[in-house]
Amino acid sequence: MKQPFTLQVPIRFRQGDPAGISFFANVYPMAHDAFEDFVQSLGFDWKTWFANEEWGVPIRHSSCEYYQPLIPGRSCSITVLVDRVGESSATLKYIFKNKDQVACEVTLVHTFFKIKERAKMPIPSVVRDGLETYQRECLNP
């Protein structure tokens, strides 16, 4: 059975604010970095996913719930979960933890679209298979 995709990341000095906590908007680039690593863990090389000439995967919606601060000079873990796989979009959740405590949860909805037509498209079957397998094995063991 697959384990949830999790990585450790440092909270950098530049990510802090004058109060010594991470500026709220900095979790989004960190979540997207985790997304890049997650996509590669599904077996896609960077170019196939992020420089694909046929399809793109922009973020259609984002939200975040904050529970406790992320402190520069420390590290946190980010776990990527496949929450929903639809016809043309997938919802992924990024759980940030300070040790065992959830600091925040980022939700990103990624929508697939045909680059030339600039129109949404069904999720390619090879992508759908990877996301659904990951979702089934990690969320519903």
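The values are calculated or read from the model by the stated rules, or taken from the named source; none is laboratory data. The model shown is predicted, which means the values in this text are computed figures rather than measured ones. All Cβ positions, glycine included, derive from the backbone under ideal geometry; neighbour counts span all protein chains shown.
Assuming Lys47 fulfils every condition listed in (1) loosely packed, with under 12 Cβ neighbours inside 10 Å; (2) under 30 Å from Phe13 (Cβ atoms) apart from one, which condition is it?
Of everything listed in (1) loosely packed, with under 12 Cβ neighbours inside 10 Å; (2) under 30 Å from Phe13 (Cβ atoms), Lys47 misses just condition (2).
In the range 73-110, which residues are over 24 Å from Asn26 (Cβ atoms), crowded, with 17+ Cβ neighbours inside 10 Å and in contact with a strand residue (DSSP E or B) (Cβ under 6 Å, 6 or more places away or on another chain)?
Ser89, the sole residue that qualifies.
Quick check on the range 7-31: of everything there that is in a helix (DSSP H, G or I) and surrounded by 15 or more Cβ atoms within 10 Å (Cβ to Cβ), which residue is modelled with the lowest pLDDT?
Selected residue: Gln15.
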